[in-house]
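Only one structure is covered here, and it is reproduced in the block below.
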Amino acid sequence: MPRLRHLVLIAGCLFPLVAAADPYVPPPADKVPLYWAAPLPCKIDRENELRSRPVVKCAHDELSHKSLRELSILRNTIYARYGWDRFRKTWLHDYFHAQPWFRPNPSFSYRHLADADRQNAHLIATVEQSFTSDELEKMRDRIQARGRKRALSSDDKIELGLIARSMGDFALDDDKRGAAEQSLDRLLTPKELRQLSLRDLRLLRNTIYARRGRPFKSQILRDHFSGMDWYKVNTGYSDALLTKNDQRNIALIRSVENELGGPLSDEDWLTEPATDGA
């Protein structure tokens with residue numbers, strides 16, 4: 001009997017190890033709202049006569065008329081299905097943890113993604129970067145008009161923060177956008193910056209350069225800033241045009257990027273969950 005009890009104790013100790021080794025199985029695709037198992041019927045059009053930036057055209061309305069918040073959720077749903085759970089943004093973390101299909105996967109790897117997942121993430125991220133400043137202003141104005149009739153919802157506040165950063169201002173995702181156009185002239189703080197994604201940080205760092213007219217080699221950055229009516233390329237640009245606060249903020253943003261794994265490449269920007277913000 002003591003020997004049997006000893007064997008039972010050993011089995012009880014080993015069972016958690018066996019269970020922990022069980023491979024993560026993502027939920028069935030049809031149980032995950034807003035997820036596409038097949039490639040989206042969309043293509044990126046770079047030969048548009050009316051715009052200098054790429055336009056994503058879809059067979060139906062799969063990605064049309066979506067807010068920045070909705071697009072962010074669509075893109076991150078791809079990774080959340082495989083258990084990605086390193087969301088630094090509280091609102092994204094809370095959204096996915098409220099989904100009945102979501103289960104964190106400590107062993108998450110980008111290798112788990114299918115080709116269709118990568119293709120769809122690329123398309124969604126391209127749409128997120130396709131808005132011009134005029135379009136973003138209209139999106140902002142519609143939300144602010146609602147705010148004059150009733151209190152803004154938490155989703156509205158998140159959207160205003162996303163719009164503000166896309167337009168070249170500084171804001172967190174729960175900020176109400178006011179007269180923030182000069183906000184990048186002040187010294188930012190690590191606490192603020194750590195609430196942003198690597199994707200946000202790369203855009204913010206380069207927005208500081210763009211405000212002084214720097215031309216960009218990156219296709220993504222050229223596409224983004226070409227849609228901002230305030231951006232004017234200065235062919236004589238040099239870093240001497242940066243103010244002391246510009247230099248301090250750039251160094252601070254870079255240090256936070258390095259702390260979080262390093263700045264994103266163009267391809268990382270379009271496909272990896274760390275870009276949310278990923």
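Before moving on, here are some points about what is shown:
- Modelled this way, with points 7 Å down the Cα-to-C-beta line, the labels at Lys217 and Val25 are 4.8 nm from one another.
- The loop-placed chymotrypsin sites (Phe, Trp or Tyr not before Pro) in segment 50-146, going by DSSP, that have at most 16 neighbouring Cβ atoms within 10 Å of their Cβ come out as Trp101.
- Spatial separation of Cα centroids for segment 207-227 and segment 50-110, in angstrom: 25
- Take the Cα of Ala240, step 7 Å toward its Cβ, do the same at Val55, and the gap between the two points is 4.2 nm.
- Positive-end residue of Val55, Pro41, Thr132, charge dipole of segment 37-137 with Cβ unit charges: Pro41
- Stretching the chain fully between Ser64 and Arg46 yields a gain of 4.7 nm (0.36 nm per residue, less the alpha carbon separation).
- Members of Lys31/Lys149; Lys57/Lys191; Lys89/Lys232; Lys31/Lys66; Lys191/Lys217; Lys66/Lys89 lying beyond 28 Å, as alpha-carbon distances in this model show: Lys31/Lys149; Lys57/Lys191; Lys89/Lys232; Lys191/Lys217
- Accessible area of segment 106-172 belonging to carbon and sulfur atoms, whole % at 1.4 Å probe: 48
- Accessible area (Å², 1.4 Å probe, nearest 10) - Arg142: 140
- Proximal charge balance of Pro106 [Cβ under 11 Å; K/R count +1, D/E count -1]: +1
The values are calculated or read from the model by the stated rules, or taken from the named source; none is laboratory data. Since we're looking at a predicted model, the values are computed, not measured. Methodologically, a virtual Cβ is constructed for each residue, glycine included, from the backbone with ideal geometry; neighbour enumeration extends over all protein chains shown. The area values use the complete protein model at the heavy-atom level, side chains included, leaving out ligands, DNA and RNA. Shrake-Rupley method; radii C 1.70, N 1.55, O 1.52, S 1.80 Å.
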